[in-house]
Amino acid sequence: KQFAEFSGTSASLTTLGLTYLMTRQLDSAIDVLKRAAQMDSSQIEARRYLAAALVEQNRGAEARPFIEQAIHLDPTSGLMFGLLSLAFAQAGQGDSAITAADSAFAKAPDDATAYVFAARALQTIGRFSDAAAYLKQALQITPNDPQVISRLGMAEASMGHSDVAAKLFETVLAADSTYPLARQGLDQLRHGRR
């Protein structure tokens, strides 16, 4: 951290911010990435990582301006439209979330991460079957991705498909018994059945 603050470059701050993001130190990531974005108006990565950190804290309304700046810099980024859909959903703007999710799909037909963000948006606004459809598309791209499988389990559980959801969670946990999303999903299923 001291090196990044001392060097004062947007690139070093972005790298530090990504490190914080990957280690789930979201407050630190947000602080550093905001500085990086302010220092360099063309820094797409800082805006992308900052938006991701903000939506992970359910701060979609705050993430939107950074996402929109990144889309302005690169209007072809399906990933950013996926993030935008989740930001809209978190801000309670369901129709805009759906439109952005459709754009993510159109701009990034081979990007599983864009599908995951779009699916999370659709799940947030209660469009569970649409979320599951996006996640099934993501699963075709990355068939063994534990996040995709876990989130598909969550969508299936939301639709009342408890047996399907349990199998998905158990598939993930067979490979990694501590994977948080699958563990959380399976625990919620078990608690709901009691």
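Per-residue answers, yes or no, for (1) within 24 Å of LYS34 (Cα to Cα); (2) in contact with a helix residue (DSSP H, G or I) (Cβ under 7 Å, 6 or more places away or on another chain):
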position: GLN69; (1), (2): yes, yes
position: LEU84; (1), (2): yes, yes
position: SER96; (1), (2): no, yes
position: ALA101; (1), (2): no, yes
position: ASP110; (1), (2): no, yes
position: SER129; (1), (2): no, no
Residue under question is ASP95, and the condition is that it be of a type outside the set (S, T, N, Q) and either at positive phi or touching a Pro at 6+ places or on another chain (Cβ under 8 Å) (or both); does it hold?
no
Is it the case that some residue within segment 176-192 is in a helix (DSSP H, G or I), more than 24 Å from GLN140 (Cβ to Cβ) and small (Gly, Ala, Ser)?
yes
Quick check: anything in segment 20-31 of a type in the set (Phe, Trp, Tyr), open to solvent by 10 Å² or more (accessible area, probe 1.4 Å) and at pLDDT 95 or above?
no
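The values are calculated or read from the model by the stated rules, or taken from the named source; none is laboratory data. For clarity, every value in this text was computed on a predicted model and none was experimentally measured. When we count neighbours, we look across all protein chains shown, and the Cβ atoms used for this are built from the backbone with ideal geometry, even at glycine. What goes into the accessible areas is simple: the full protein's heavy atoms, side chains included, and nothing from ligands, DNA or RNA. Shrake-Rupley method; radii C 1.70, N 1.55, O 1.52, S 1.80 Å.
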